[in-house]
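Novice: Structure provided below as structure tokens; questions to follow.
The values are calculated or read from the model by the stated rules, or taken from the named source; none is laboratory data. Being a predicted model, the structure only gives us computed values, none of them experimental. As a convention, Cβ positions derive from the backbone with ideal geometry for all residues, glycine included, and neighbour counts pool all protein chains shown.
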């Protein structure tokens with residue numbers, strides 16, 4: 001799987017959050033490690049190259065604790081060997097609440113988080129038009 005790198009300026013701060021995760025899609029399961037996260041996507045280090053089509057959707061799942069997990073539907077945006085960047089296509093309300101709290105704790109700035117949430121809302125509105 002090969003993608004062009006997109007060098008546009010990021011509108012969302014990434015937090016470094018290293019943990020194991022499972023990516024499923026295209027009939028396969030990929031154990032991976034999260035390198036970083038944002039409200040809009042993530043960068044993963046997969047144990048094996050993705051075998052899906054470039055437009056395939058995947059489900060990413062990882063645990064924050066024994067009781068709290070995050071699940072999101074993602075699409076690959078770029079790949080460099082086994083490191084793959086994904087954008088979030090869909091996330092349920094519980095998962096986005098948990099992700100928001102994780103980002104807020106790591107940013108340490110609730111105003112910055114609010115700006116990022118507003119930017120996320122702007123992106124959703126643009127997609128609807």
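Novice: When you scan the stretch 38-80 for strands (runs of 3 or more DSSP E) that lie fully inside it, which ones turn up with 1 or more residues that are under 15 Å from residue 25 (Cα atoms) and touching a helix residue (DSSP H, G or I) at 6+ places or on another chain (Cβ under 7 Å)?
Specialist: In the stretch 38-80, the matching strands (runs of 3 or more DSSP E) lie at 69-80.
Novice: Of the conditions (1) surrounded by 16 or more Cβ atoms within 10 Å (Cβ to Cβ); (2) at pLDDT 95 or above, residue 22 clears all except one; give me its number.
Specialist: (1)
Novice: Now for a separate question. Given the residues 117, 107, 123, 99, which is the only one that is at pLDDT below 90, in contact with a helix residue (DSSP H, G or I) (Cβ under 9 Å, 6 or more places away or on another chain) and closer than 13 Å to residue 40 by Cβ?
Specialist: One residue alone meets the criteria, 117.
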